[in-house]
Amino acid sequence: MKLTQEEQDILNGKEGDTKAKILQTLVEFGDLFGADKLVPVTTSGHLVTSFGIGLLKPVYRTMDEIIAAGLKTPYPFTVDPRPIDYQNVKCGVLDKLIFSKIMYSKQKHYEEQLSKIGLKNKNAFTCTCYLDEVGNTPKYGDILSWAESSAVVYANSVLGARCNRNSGMLDIFGALIGKVPNFGLLTDEGRKANWIIEVKTSKLPEAQILGSAIGMKVMEDVPYVKGLDKFLGTELTDEVISYLKDFGAATASNGAVGLYHIENLTPEAKKFKEKIIHTDAKVYVIDDEELERVYKNYPVMWKNASAKPSLCFIGCPHLTFYQLNQWTEKIEENLKLSGKRKVCIRTVMTSAPDVVEKFKETENYLKLKKFGVNISSICPLMYTNNPIAGSKPIITNSNKLRTYSKARYYKDDDIVKIICGVK
Ligand code: F3S
């Protein structure tokens with residue numbers, strides 16, 4: 001990798017040992033992937049490591065060193081959701097003990113460390129930092145130092161920003177130094193599609209299953225999706241961005257997609273049209289049968305596959321304002337059908353703190369509370385990812401949560417019936 005004189009001076013320790021070590025890490029990371037140079041980060045960071053897991057001692061040591069060196073990010077950053085929210089997601093005594101004393105014993109300490117190096121504010125904890133309400137919304141062409149896979153794929157695909165699928169800590173390092181290695185999805189060549197996906201379904205596919213099918217097929221490649229604009233249109237409306245958020249998260253978690261293009265809809269597909277597809281791109285056709293095949297193959301990881309669900313999580317990634325309203329309507333309709341006044345399975349909907357604050361001003365918020373639904377801003381995966389919560393029969397409409405936990409996946413129209421007790 002070619003470095004500028006200024007970068008070489010930092011590496012040589014001119015601005016202190018800590019900065020030199022951080023830059024050294026970024027350079028070695030870039031060298032591994034064949035980067036030619038470092039390029040400036042042009043906007044706010046977003047960190048994937050939001051949880052104070054007691055065992056992550058090297059992280060806290062590194063943070064202490066960064067703080068002692070007086071380093072701060074040039075732009076305030078956001079971070080993934082917190083793992084716990086005792087007020088809205090109640091836990092048993094044993095769960096609480098495990099969460100606070102063992103798993104997330106360093107939460108408070110870690111959040112204090114984040115504040116010292118540039119955390120935006122107390123509402124900065126969400127994986128949907130790019131939503132207008134939250135305000136960490138990159139522009140077309142911005143260079144990012146993010147790692148959260150669902151946010152990276154959204155920023156690259158829907159906003160046209162440029163970011164690689166980095167790992168935790170590398171996101172902090174890039175945000176602190178203000179530089180990232182230039183390779184992969186930061187380059188024009190790396191953003192070209194090597195798959196054409198032909199969607200030939202009879203109706204708009206479930207976002208989470210379509211994303212899952214594509215992710216599992218293309219893995220870390222870039223897909224160019226044809227035939228979806230027939231259902232979604234050609235504008236990024238609130239409904240469409242909600243769909244693409246969930247679709248992208250499934251491509252990124254069921255596979256390792258960091259960027260997709262949707263014909264006539266996402267910015268680079270609109271701008272470059274088929275010129276953004278490699279001439280030797282492979283083709284994957286998705287019809288109703290293929291989606292059903294993918295869905296039917298999801299394993300049920302519960303000990304007892306016919307157990308009654310004890311908890312339902314909706315909102316991984318965090319729900320948009322549009323989705324909170326949609327779910328309120330869906331639940332209202334289905335409670336009418338079942339003749340019940342409240343949901344019959346404990347249900348938690350998760351959304352960004354700023355979105356929840358906006359939603360609290362609406363009548364639908366009161367309705368959802370009346371229906372017995374809790375709203376929180378935690379990460380359902382962090383909540384679920386321990387032996388006690390993990391052994392419970394949890395259901396979700398999130399393909400990411402299904403992939404990384406033992407939660408069982410249901411389609412939106414099925415899960416709403418289950419929680420509302422519609423036979
Ligand atoms: Fe967001 Fe946690 Fe899901 S970070 S995408 S709610 S796993």
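Rounded, prolate or oblate: which one fits segment 311-420, using the alpha carbon gyration tensor with axes a ≥ b ≥ c (rounded when a/c is under 1.5, else prolate when a/b beats b/c, else oblate)? Can you show the working numbers first?
Values: a/c = 1.92, a/b = 1.27, b/c = 1.51.
Oblate, since a/c reaches 1.5 and b/c is not below a/b.
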**Prompt:** Got a sec? Which residues in segment 389-423 would a label at Leu337 touch, if it sits 7 Å along Cα→Cβ and we count backbone N under 18 Å?
**Reply:** 396-397, 410-423
**Asked** Distance in nm between label sites at Ser100 and Thr237, each 7 Å beyond Cα in the beta-carbon direction?
**Response** 4.6
**Asked** Which whole number in µm²/s is D for the chain by Stokes-Einstein, with the Kirkwood Rh taken over Cα pairs at 10 °C and 1.306 mPa s?
**Response** 71
**Asked** Leu3 versus Tyr298, label points 7 Å from Cα toward the beta carbon: distance in nm?
**Response** 4.7
**Prompt:** Expressed as a whole percentage, what fraction of the accessible surface of the chain belongs to carbon and sulfur atoms when a 1.4 Å probe is rolled over the protein heavy atoms?
**Reply:** 53
**Request:** Report, in debye and to the nearest 20, how large the dipole of the chain comes out about its Cα centre when Lys and Arg carry +1 and Asp and Glu carry -1 on their Cβ.
**Result:** 1740
**Request:** Run the 1.4 Å probe and let me know the accessible area of Arg162, rounded to the nearest 10 Å².
**Result:** 40
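How would segment 5-186 be classified by its alpha-carbon gyration tensor: rounded, prolate or oblate, with rounded meaning a/c under 1.5 and the a/b versus b/c comparison settling the rest?
Oblate shape, in that a/c is at least 1.5 and b/c is the bigger or equal ratio.
Per residue, how many Å² of accessible area does segment 191-296 show with a 1.4 Å probe?
Values: 4370 Å² over 106 residues.
I get 41 Å² per residue for segment 191-296.
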**Message:** From the protein chains alone at 1.4 Å, what is the descending order of accessible area for Thr350, Thr18, Thr279, Thr403, largest first?
**Reply:** Thr279, Thr403, Thr18, Thr350
**Prompt:** Per the helix-only calculation at 222 nm, which mean residue ellipticity applies to the chain, given -39500 (n - 2.57) for every DSSP H run of n ≥ 4 and division by its residues, nearest 500 deg cm²/dmol?
**Reply:** -11500 deg cm²/dmol
**Prompt:** List the GluC sites (Glu not before Pro) in segment 213-263 that DSSP assigns to loop (not H, G, I, E or B) and whose Cβ has at most 15 other Cβ atoms within 10 Å. Which are they?
**Reply:** Glu220, Glu235
**Complete:** Pairs over 24 Å Cα to Cα, from Lys203/Lys392; Lys139/Lys245; Lys245/Lys270; Lys37/Lys275; Lys101/Lys342; Lys139/Lys271, come to Lys203/Lys392; Lys37/Lys275; Lys101/Lys342
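For the chain, which span is the longest to avoid every loop-located (per DSSP) member of chymotrypsin sites (Phe, Trp or Tyr not before Pro) having at most 13 other Cβ atoms inside 10 Å?
Details: sites that count: Phe33, Tyr86, Tyr140.
That would be 141-423.
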**Asked** Within segment 384-423, what residues put their amide N at less than 20 Å from the label point 7 Å along the Cα-to-Cβ vector of Ser202?
**Response** 411-414
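So which GluC sites (Glu not before Pro) in segment 349-423 end up in coil per DSSP with only 10 or fewer other C-beta atoms within 10 Å?
Answer in residue order: Glu361.
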**Message:** Could you tell me how far the Cα centroid of segment 240-314 sits from the Cα centroid of segment 168-216, in Å?
**Reply:** 11
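The values are calculated or read from the model by the stated rules, or taken from the named source; none is laboratory data. It should be emphasised that the depicted structure is a prediction, and the values quoted were computed from it without experimental measurement. Here Cβ is always computed from backbone atoms with ideal geometry, including for glycine, and neighbour counts include all displayed protein chains. Remember, those area values only see protein heavy atoms, side chains included, never the ligands or the DNA or RNA. Shrake-Rupley method; radii C 1.70, N 1.55, O 1.52, S 1.80 Å.
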